[in-house]
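K.L.:
Got a structure for you, questions after.
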Amino acid sequence: MKTIGVLTTVVATLMSVAVFTVQAKDVPGNHGQGAGMNMHQGREMRQNLKKELQLTDDQEKKMQEHRRTHQEKMNALREQMQAQRDALKKELDKPQSDAATLTKISNEMKTIAGKLIAGRLDGILEIKKILTPGQFQKLGDHQQKMRQHMKHPMKDKGGMHNSDNNHDPIDDEF
């Protein structure tokens, strides 16, 4: 019975961590490349966003530094999380899994998940310090458009699900 409780906790932790890890890319300032985006597209998108937000040279420099340090920190946490996932899988693949080991791994995953969330929030607060309120609002609007585009990429490109071809040309950049 105790093993079932531990396994339930482990599965719940894994599901939560998966959601937090996937959503990390949605954070303002976490300009990690999304699925299917190459370096050129990421650079081009940042240039277009710089123009849209009308960033000063100082703001751009601060944003670049923030992106670099934030990515390093978040990537290190993601690597730690992956190591814990691997350890969890290894332990679960054993014929006789040790409940104490599973609990320890689960607790470590929870700790890392908390650090990922805190890192996301810190990233948002740092971006708010760099941008004006109007720029931050525009960034949020831009990200909302990107999320919509990622949900329906063919519709935005005039694909077979598009009932009309009157789409906004700005969507073609994404």
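Since every read-out is calculated from the coordinates, none of them should be taken as a lab result. The model shown is predicted, which means the values in this text are computed figures rather than measured ones. All Cβ positions, glycine included, derive from the backbone under ideal geometry; neighbour counts span all protein chains shown.
K.L.:
Among residues belonging to the range 119-148 that are among the β-branched types (V, I, T) and in contact (Cβ under 8 Å) with a residue 60 or more places away in the chain, point out the one that is surrounded by the most Cβ atoms within 10 Å (Cβ to Cβ).
P.N.:
Of all residues in the range 119-148, those among the β-branched types (V, I, T) come to 124, 127, 130, 132.
Cutting the leftovers down to in contact (Cβ under 8 Å) with a residue 60 or more places away in the chain gives us 124, 127, 130.
Details: I124: 15, I127: 21, I130: 19.
By that ranking, first place goes to I127.
K.L.:
Every residue in the range 58-113 that is over 30 Å from T132 (Cα atoms), free of Cβ contacts under 8 Å to residues at least 24 places away in the same chain and either touching a strand residue (DSSP E or B) at 6+ places or on another chain (Cβ under 7 Å) or small (G, A, S) (or both), please.
P.N.:
Within the range 58-113, A83, A87, A100 meet the criteria.
K.L.:
A83 fails exactly one of the following numbered conditions: (1) out of contact with any Leu (no Cβ under 7 Å at 6 or more places or on another chain); (2) more than 30 Å from M146 (Cα to Cα); (3) surrounded by 16 or more Cβ atoms within 10 Å (Cβ to Cβ). What is the number of that condition?
P.N.:
Of everything listed in (1) out of contact with any Leu (no Cβ under 7 Å at 6 or more places or on another chain); (2) more than 30 Å from M146 (Cα to Cα); (3) surrounded by 16 or more Cβ atoms within 10 Å (Cβ to Cβ), A83 misses just condition (3).
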